[in-house]
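A short worksheet on the structure shown next.
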Amino acid sequence: MKMPKILNHRNRVLLKELTKTDFKLRYQGSVLGYLWALLKPLMLFAILYFVFTQVFRFGDGIPHYAVYLLTGVVLWNFFMESTNQGIQAIVGRGDLIRKISFPKWIVVVSATATALINFAINLGVIIIFALLNGIMPNLGWLIVLVFVAELYLLSLGLAMLLGAINVKFRDISSIWEVLMQAVFYMIPIIYPISFVMEKNVLLAKILMLNPIAQVVQDVRYWLVTKEAVRTWDLIHNFGLRIIPLVFVIVVLVVASIYFRKRSKYFAEEI
Amino acid sequence: MKQKKMLNSKKSAGNTSSAETAVAISVSNVHKSFKLPTERAWGLKQAIFNRLRGVKGYTEYKVLKGINFEVKKGEFLGIVGRNGSGKSTLLKILSGIYTPEKGRVTINGNLVPFIELGVGFNFELTGRENIYLNGAMLGFSNAEMDEMYDEIVEFAELSDFMDQKLKNYSSGMQVRLAFSIAIRARGDILILDEVLAVGDAAFQQKCNDYFASLRGEQTVILVTHSMGNVREFCDRAILIEDGKILKEGDPEEVAEAYEGLWK
């Protein structure tokens, strides 16, 4: 895999066609079609909004709590969807891999790209909510893209690594689903990190070393409210501050080495 | 669309002398074996069990034991052999799907493999969408497929059905569509695996005429069980038995040797 050859003509065509097909098939046969891509997050938001502003009032101290909450949920859904789809991608496209030769990373990237498209739609909905909530648009919103890229790279790395292992050990996808349930509660998505800080500052600091938590809080900080507590605010040691970023890079490097080594044998092992 | 692809375990210096450019495919000393699981070793549990008990969990099965041959540009080569002799594995190595364990495969030109017809076909998509999807799988861009599209539809005789979903096609229609893409897709080297017998008598006649017209112009590798096809189309043939080349050369002689396997 030489650098200029990675995105050559053929790979681009294949990536585009696979992603297009994925997206097309997802909503096919439904009356509302693509509209579901927009309706689903809207309905989900309505439920969450009701539950967390009327029933559990976790966010009373946080300005624009509804938008704050939705941002976290959307980022988490993006991570879940891209890793889950990515892990299944290689086994799921076994019919192709056994019959035609192409760079195998394309199926993983295409699976995560579909999640990325859904995320872009969700982000659009969040922005509408933010404007309705009286948040003024500002240049800081652009910084959000950097953190989205970080989260995407993390998902892609995990998907490549776990997807390659999943070819041999199909248990991985089940383990991952359960593990994700646990990780969900370790991230301040439905509860504010200040809840944890009041009880145990050290625990809060440890939780914020998780790159997903770091991204969620950073995005909230730049998009919704400067009152969102970031890893950067909580941890002052530079070496510790960059742990989430280092984690993402390590995952990417390990994933690409392992994937390159194993992908030659996917066709015979699936 | 010329490219030189190297599929090898030992990298060789890319020496392309003029004598070598007349060679489309060169296969030297290719070995391949598969590790077939003895017990189901798919799960984590089984893998740990096997490790603990010191069981390897697989038996090694040698499929190809040193294959050597060359295909010249414009040559129509037939590969024959019994079921399980290693033909399909060889084809998959040529297509770059499997990596050879030992030995080297050099491909000069753009290779279009049809190990199976209609790779990536999706029943929920229309005939038109499937043509473009299948084309993308084979490495053709939308613009290239635009050029081939009319010809494909015409050859398949399906122009009235292109906006129908594939699931509403009869099985004969599906195969005709896939086959038409296969033979209209323009690559330097065409690889076909047992796909000649499709459609009704009229369509088969059309396919046979097409194959006859390819002779001498297109480099083709055809894997088949039909000795009639070997005698009719091939310039040269190879008989594979038990992972080795048993006979190579004149199609007539190879076809006789193949038929002789059961005597």
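The values are calculated or read from the model by the stated rules, or taken from the named source; none is laboratory data. Source: prediction; values computed, not measured. Here the Cβ is made from the backbone with ideal geometry for all residues, glycine too, and neighbour counts use every protein chain on show. Side chains included, ligands, DNA and RNA excluded: accessible areas come from the protein's heavy atoms. Shrake-Rupley method; radii C 1.70, N 1.55, O 1.52, S 1.80 Å.
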Checklist entry - In nm, to one decimal, how far is the modelled label at A:I206 from the one at A:L35, with both set 7 Å along Cα→Cβ? => result 4.9 nm
Checklist outcome for this item: Comparing each residue of the range A:9-31 in the complete protein assembly with the chain by itself (heavy atoms, probe 1.4 Å, ligands and nucleic acids ignored), those losing at least 20 Å² of accessible area are A:H9, A:R10, A:V13, A:L14, A:E17, A:T21, A:K24, A:L25, A:Q28
Checklist entry - Shielding of A:157-170 by partners, i.e. mean partner chain Cβ atoms within 10 Å per residue? => result 1
Checklist entry - Sorted by accessible area (1.4 Å probe), largest first, how do A:M136, A:M80, A:M180 line up? => result A:M136, A:M80, A:M180
Checklist entry - Once the Cα gyration tensor of chain A is diagonalised, what are the square roots of 5 times its eigenvalues, in whole Å and ordered largest first, as equivalent ellipsoid semi-axes? => result 33, 23, 17
Checklist outcome for this item: With a ≥ b ≥ c from the Cα gyration tensor eigenvalues, square-rooted, and the rule rounded for a/c under 1.5, otherwise prolate when a/b > b/c and oblate otherwise, the range B:69-136 is prolate
Next on the checklist: Per residue, how big is the convex hull of the range A:1-110 when only Cα atoms are used? Give it in Å³.
Outcome noted: 157 Å³
Checklist entry - Expressed as a fraction of 2.2 N^0.38 Å, the rule-of-thumb size for a compact globular protein of N residues, what is the C-alpha radius of gyration of the range A:80-196? => result 1.29
Checklist entry - Hey, how many Å between the Cα centroid of the range A:111-168 and the Cα centroid of the range A:178-212? => result 20 Å
Checklist entry - Given the range A:17-269, what count of lysine pairs have C-alpha atoms under 24 Å apart, with each pair 8 or more places apart or on different chains? => result 16
Next on the checklist: What is the ratio of the Cα radius of gyration of chain B to 2.2 N^0.38 Å, with N the residue count, to two decimals?
Outcome noted: 1.11
Checklist entry - Just from its helices, what would the mean residue ellipticity at 222 nm be for chain A, if runs of 4 or more DSSP H residues each count -39500 (n - 2.57) and the sum is divided by every residue, rounded to the nearest 500 deg cm²/dmol? => result -24000 deg cm²/dmol
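For the range A:122-172, rounded, prolate or oblate, judged on the Cα gyration tensor with a ≥ b ≥ c (square roots of eigenvalues), a/c < 1.5 rounded, else prolate if a/b > b/c?
Here the range A:122-172 falls in the prolate category.
Taking the Cα centre of chain A as origin, work out the dipole magnitude from +1 charges on Lys and Arg Cβ and -1 charges on Asp and Glu Cβ, in debye rounded to 20.
Here the size comes out at about 1080 debye.
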Checklist entry - Name the residues of the range A:239-268 whose accessible area, probed at 1.4 Å, falls by at least 30 Å² once all protein chains are in place instead of their chain on its own? => result A:K264, A:A267, A:E268
Next on the checklist: Between the range B:142-162 and the range B:173-190, what is the separation of their alpha carbon centroids in Å?
Outcome noted: 11 Å
Checklist entry - Averaged per residue, what accessible surface does chain B expose to a 1.4 Å probe, in Å²? => result 47 Å²
Checklist outcome for this item: Residues of the range A:84-129 that bury at least 40 Å² of accessible area, probe 1.4 Å, when all protein chains are present rather than the chain alone, are A:L96, A:R98, A:K99, A:I100, A:S101
Item to check | Principal-axis tilt of helix A:243-262 within chain A, Cα atoms, nearest 10 degrees | outcome: 10 degrees
Next on the checklist: Between B:T59 and B:N83, what's the calculated FRET efficiency when r is the beta-carbon distance and R0 is 22 Å? Round to 0.05.
Outcome noted: 0.65
Checklist entry - Of the heavy-atom accessible surface of the range A:17-269 (probe 1.4 angstrom), what whole percent is carbon and sulfur? => result 70 percent
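Which of the three applies to the protein assembly as shown, rounded, prolate or oblate, going by the alpha-carbon gyration tensor with a ≥ b ≥ c and a/c under 1.5 meaning rounded? All intermediate terms of the calculation are to be shown ahead of the outcome.
Values: a/c = 2.65, a/b = 1.92, b/c = 1.38.
Cα axes put the protein assembly as shown in the prolate bin.
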Item to check | Accessible area buried, both sides summed, chains A and B with 1.4 Å probe, Å² | outcome: 2600 Å²
